[in-house]
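Encoded as structure tokens, the structure appears first; notes follow it.
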Amino acid sequence: MSRASDATLRGIDDFVTAFLGYEKKATNIIGAADGEPDAVLANTYAGFIWMLLEADGATRMASRYLKRAEAAAGSANERERMILKQLERWIAGDIPAVQAIGDEIVARYPRDLLSVKLHQYFSFNRGDAKNMLRIARAAEAHNLENPYLHGMLAFGYEQMHDLETAEREARLALKLKTKEPWAQHALAHVMLGTGRVAEGVEFLDEASRTWVDLNSFMYTHNWWHKALFHISQGDNAAVFDAYDNHVWGIEPDLPQDQVGAVSLLARMEVAGMDVGNRWEDVADRMKGRAHDTTLPFLTLQYLYGLARAERAEAVELMQAIEDRAARSADWDRVVWREVALPAAKGVVGHARGDYAATVKWLSVANPRMTEIGGSHAQRDLFGQLLLDAHLKLGNWAIARQMLEMRRIWDPDGVPVNAALKLVNERLGAAA
């Protein structure tokens with residue numbers, strides 16, 4: 001690095017290791033940057049952490065640190081200048097440029113795993129699993145003993161449906177470092193996708209002992225995965241325990257915590273659980289999302305939660321989505337117009353009990369939902385809403401086909417088999 005005091009170095013180390021390990025101490029970079037305004041890398045990374053909030057207003061705060069870093073950039077080295085340029089392009093909304101610079105950084109400095117992770121983050125938000133895996137493999141030969149790299153590889157392989165390799169990489173990461181929450185997360189995905197539900201519960205029970213000092217996203221999200229296994233088992237008490245004590249209420253103003261709660265509540269209702277007034281609390285925290293179109297994956301879930309709680313902000317957010325679909329930059333206009341907009345109409349329909357609208361619009365959007373970002377497991381929410389709408393409308397033949405497909409990877413799922421029993425009874429009566 002070009003310049004940094006010992007205190008600033010500690011802040012940078014905290015940010016890098018915590019970004020890779022999903023720990024709370026990542027925010028220490030803010031104090032480090034404020035303590036040394038002419039430290040280029042510290043101030044650039046402070047801008048990063050604001051942008052990673054994925055919320056309205058983040059660019060304004062990040063821009064303060066960008067200006068500091070740019071003012072001190074005369075003494076910056078090559079890598080720092082590239083990372084600084086990434087922040088500038090990120091704030092400008094030019095994600096393809098951010099990733100192009102990231103490719104160059106990883107090619108020149110393959111042990112900069114923060115840059116590898118950041119590159120994966122952008123690919124994940126664009127539904128580009130192939131690129132997630134590619135960038136991790138580009139750094140693989142230089143980081144063979146690094147657990148974080150193997151965790152990144154594991155999730156990349158899982159999203160590419162190579163579950164055997166994904167499991168091997170995840171277990172290697174955990175052999176190198178027991179507390180590697182991203183590798184634990186990747187392995188949970190593998191177990192979910194292969195119907196190993198009881199094993200998944202047992203694995204996450206053991207892994208949860210290491211979820212100390214994690215940021216709220218990683219803590220709540222791994223508990224969210226555990227809740228999915230409990231839904232499959234029909235263990236409603238365990239699902240409510242996970243939601244009430246571990247998924248919701250940790251950092252309820254943060255985007256990922258909010259969408260995790262929305263996603264889990266929706267799944268609970270689809271599985272037949274009465275969630276009481278839990279929608280109200282989540283909607284109260286999402287009042288400020290009425291114009292938030294930062295990422296389509298997040299926006300659609302804000303919309304569902306607000307509509308499900310019958311909040312006026314849902315109408316405002318629907319309008320914001322329509323506006324975004326009309327004015328987005330070339331690189332993301334298609335996903336907003338052709339995927340997010342019809343999906344938004346579908347989820348609002350479901351939240352309001354207009355199941356015909358759900359079927360009409362989610363049938364259009366769901367084949368392309370990969371493009372909005374998120375993981376297979378997260379995007380499955382929209383598949384479940386579509387299936388539930390078909391069931392509510394009595395479209396038994398279509399529902400049976402969808403349920404039989406779900407049984408391939410959830411053969412013993414209690415909600416799946418209960419719904420299939422109902423469908424078969426109705427089809428038998430019709431015959």
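The values are calculated or read from the model by the stated rules, or taken from the named source; none is laboratory data. Owing to the predicted nature of the structure, the values given are computational and were not obtained by experimental measurement. Cβ placement follows ideal geometry from the backbone for every residue including glycine, while neighbour counts extend to all protein chains displayed. When the accessible area is computed, the model is the full protein with side chains, heavy atoms only, and any ligands, DNA or RNA have been set aside. Shrake-Rupley method; radii C 1.70, N 1.55, O 1.52, S 1.80 Å.
A Cβ distance below 6 Å, combined with a sequence gap of six or more or placement on separate chains, defines the contacts here; from the stretch 133-146, residues that are within 16 Å of Thr165 (Cβ to Cβ) and in a loop (DSSP other than H, G, I, E, B) reach no residue that is open to solvent by less than 80 Å² (accessible area, probe 1.4 Å) and of a type in the set (A, V, I, L, M, F, W, C).
Only one entry of Ala227, Ala186 meets the criterion of being part of a helix (DSSP H, G or I) and either hydroxyl-bearing (Ser, Thr, Tyr) or within 21 Å of Leu52 (Cβ to Cβ) (or both), and that entry is Ala186. Please work out if Lys130 is open to solvent by 60 Å² or more (accessible area, probe 1.4 Å) and either touching a His at 6+ places or on another chain (Cβ under 8 Å) or within 17 Å of Tyr22 (Cβ to Cβ) (or both). No: the conditions fail for Lys130. Restricting attention to the stretch 241-254, the residues that are crowded, with 23+ Cβ neighbours inside 10 Å and part of a helix (DSSP H, G or I) add up to 3. Listed by position, the helices (runs of 4 or more DSSP H) contained in the stretch 1-102 that have at least 1 residues being out of contact with any Lys or Arg (no Cβ under 6 Å at 6 or more places or on another chain), surrounded by fewer than 17 Cβ atoms within 10 Å (Cβ to Cβ) and not hydrophobic (A, V, I, L, M, F, W, C) are 6-21, 28-35, 58-71, 78-91. For Met160, the test of being surrounded by fewer than 16 Cβ atoms within 10 Å (Cβ to Cβ), among the hydrophobic types (A, V, I, L, M, F, W, C) and within 17 Å of the chain's Cα centre (by Cα) is passed. Screening Ala399 on (1) farther than 30 Å from Ala325 by Cα; (2) open to solvent by 10 Å² or more (accessible area, probe 1.4 Å) shows it passes everything except condition (2).
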